Amino acid sequence: MPRVIVIGLDCLTPQLVFDAYRDWLPNLGALAEQGFAAKLLSSAPPITVPAWACMTCGVDPGMLGVYGFHDRADHSSDRRQLASSAHAGEPLWEILTRHGLRSRLIGVPQTYPPRPMAGVMVAGIPAPDDAPCVYPRELAGEVAAITGGYRADVERFRTNDLGAVRRDVYDMTARRFALARAWLTRDDWDFFMLVEMGPDRMQHAFWRFAAPDHPDYAPGHPHEHVIRDYYVALDHEVGALLALARDNDVVLVVSDHGARTLRGGIAFNDWLIAQGHLALRRRPDAPAPLSPDMVDWPRTVAWAEGGYVGRVYLNVRGREPQGMLAPERASAFAAELARDICAIPGADGRVLATRAYSPDQIYRAGRGVPPDLTVYFDDLALRAMGSVGHARIYVPRNVTGPDGANHAEHGIIIMRDGRGARRAPANATLYDVAPTVLDRLGLPIPPAMIGRAY
């Protein structure tokens with residue numbers, strides 16, 4: 001039986017891998033020529049959390065009960081920690097454990113704290129910096145010795161200190177792949193997976209210098225080729241890793257989402273205030289995060305959270321502690337609100353390509369507390385700003401720090417499985433990865449998984 005290797009590269013972007021940088025990436029190119037390469041549709045929303053958990057469990061965010069980095073614990077204002085136990089899915093390595101197979105995992109998001117499994121793991125983000133992230137714990141010394149000190153992530157990537165971002169990302173990547181090379185040569189595993197966060201961090205920091213369609217792009221800028229050069233370095237790391245693989249190993253290179261140019265944002269809560277849907281007890285003198293104590297809840301029917309996408313929550317009577325909206329009106333109001341949101345014009349008055357989804361439009365279940373609406377402003381060219389107190393609804397810059405990129409809905413998949421070059425599957429999604437891994441390992445695909453094996 002062949003082994004399976006999954007190399008996850010967070011936010012690796014199809015238009016760069018398959019087009020702009022294609023000639024610079026010989027190892028990824030050779031891998032694609034030996035199998036296939038395709039765009040890979042992400043989860044909704046296309047965010048690291050929940051996308052990697054969706055990929056490794058083969059189910060959508062509603063089935064997991066995870067919708068982003070900052071989920072509601074219940075219908076109050078309480079939040080929950082996005083630990084490995086926070087979702088309802090069964091990841092690949094736990095399925096493999098049940099079947100007597102062993103795994104080695106490095107940096108897979110939402111695996112902290114590590115849960116018992118057959119194999120070894122270094123947990124991925126989000127995790128406290130000083131937390132015990134290695135399973136079994138007695139291997140922590142080995143991981144430290146191999147890496148010189150493992151780095152799960154870079155501390156800051158939305159900063160004007162771009163030199164520090166670049167140094168830290170390269171350092172993080174080198175340490176992670178050093179561990180991957182050491183572990184790949186062991187013969188005690190059937191499934192191997194690593195996830196590298198570097199592409200995401202580099203693109204948020206340097207996209208505006210590299211993308212000709214970005215408003216700040218200037219040809220010849222000293223940072224113009226920083227992303228390209230990092231992709232080249234990643235390609236080299238992938239090549240060095242694959243040189244250690246066996247000829248019959250099945251190899252997948254995947255990303256959870258892509259990137260695209262960010263052109264600003266919509267002050268979402270300020271818009272809700274202007275529409276009469278959100279009332280504040282006090283309005284800040286300058287833009288500030290919306291906190292529960294700022295809201296006049298008995299006069300509020302909807303509020304929003306910002307980020308790569310917008311998340312709208314209704315203040316429903318009998319569901320929220322100070323609910324105002326009648327339950328029988330909630331569905332119709334959400335539909336009306338979605339239409340109004342999609343009609344918000346751009347700064348120049350043009351019609352935006354905005355989409356607003358109710359949970360039943362994008363999820364097969366609704367575990368936990370899903371947003372009542374999930375909003376993609378202008379096909380993700382605009383972020384949702386959750387802060388309040390902006391002078392205008394349209395905000396030209398990201399308010400959480402310098403950032404030139406938003407997430408895009410498609411990542412990539414490149415697969416080599418010994419079956420030779422072939423046509424890429426149509427309409428590939430990240431939900432297909434888990435069934436494909438199980439299929440290649442000769443295991444049954446659980447009926448709850450919503451993807452297909454290639």
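The values are calculated or read from the model by the stated rules, or taken from the named source; none is laboratory data. Since this is a predicted model, take the numbers as computed values, not measurements. Please note: Cβ atoms are built from the backbone with ideal geometry, for glycine as well, and neighbour counts cover all protein chains shown.
Of note:
- Looking only at residues of the stretch 7-32 that are in contact with a strand residue (DSSP E or B) (Cβ under 9 Å, 6 or more places away or on another chain), part of a helix (DSSP H, G or I) and not small (Gly, Ala, Ser), we find that the one that is surrounded by the most Cβ atoms within 10 Å (Cβ to Cβ) is 17.
- Residue match in the stretch 289-298 (condition: in contact with a strand residue (DSSP E or B) (Cβ under 7 Å, 6 or more places away or on another chain), assigned to a loop (DSSP other than H, G, I, E, B), under 28 Å from residue 401 (Cβ atoms) and of a type in the set (Gly, Ala, Ser)): no
- Top-ranked residue in the stretch 327-345 [being touching a strand residue (DSSP E or B) at 6+ places or on another chain (Cβ under 7 Å) and in a helix (DSSP H, G or I); ranked as surrounded by the most Cβ atoms within 10 Å (Cβ to Cβ)]: 341
- Restricting the stretch 258-281 to residues that are surrounded by fewer than 24 Cβ atoms within 10 Å (Cβ to Cβ), under 26 Å from residue 51 (Cβ atoms) and not basic (Lys, Arg), the residue that is nearest to the chain's Cα centre (by Cα) is 261.
- Applying the set (1) within 28 Å of residue 396 (Cβ to Cβ); (2) modelled with pLDDT of 95 or more; (3) part of a loop (DSSP other than H, G, I, E, B) to residue 322 leaves exactly one unmet item: (1).
- Positions within the stretch 313-322 being in contact with a helix residue (DSSP H, G or I) (Cβ under 8 Å, 6 or more places away or on another chain) and either crowded, with 18+ Cβ neighbours inside 10 Å or closer than 18 Å to residue 269 by Cβ (or both), in sequence order: 314, 315, 316, 320, 322
- Only one of 96, 139, 105, 101 that is assigned to a strand (DSSP E or B) and of a type outside the set (Phe, Trp, Tyr): 105
- Among the criteria (1) within 20 Å of residue 236 (Cα to Cα); (2) surrounded by fewer than 22 Cβ atoms within 10 Å (Cβ to Cβ); (3) under 21 Å from the mean Cα position of the chain (by Cα); (4) touching a residue at least 60 places away in the same chain (Cβ under 8 Å), the one residue 195 does not fulfil is (2).
- Flag if residue 44 is out of contact with any strand residue (DSSP E or B) (no Cβ under 8 Å at 6 or more places or on another chain) and over 30 Å from residue 293 (Cβ atoms): no
- Check on residue 35, buried (at least 17 other Cβ atoms within 10 Å of the Cβ), without any contact (Cβ under 8 Å) to a residue 40 or more places away in the chain and over 15 Å from the mean Cα position of the chain (by Cα): no
- Among the candidates 295, 254, the residue that is surrounded by 14 or more Cβ atoms within 10 Å (Cβ to Cβ) and either under 15 Å from residue 390 (Cβ atoms) or outside the structural domain of residue 375 (by TED's automatic domain parsing) (or both) is uniquely 254.
- Number of positions in the stretch 108-131 that are more than 22 Å from residue 169 (Cα to Cα) and assigned to a loop (DSSP other than H, G, I, E, B): 6
- Residue list for the stretch 124-162, filter: surrounded by 14 or more Cβ atoms within 10 Å (Cβ to Cβ), within 27 Å of the chain's Cα centre (by Cα) and acidic (Asp, Glu): 153
- Exclusive hit being in contact with a Gly (Cβ under 9 Å, 6 or more places away or on another chain) and in contact (Cβ under 8 Å) with a residue 40 or more places away in the chain, set 181, 176: 176
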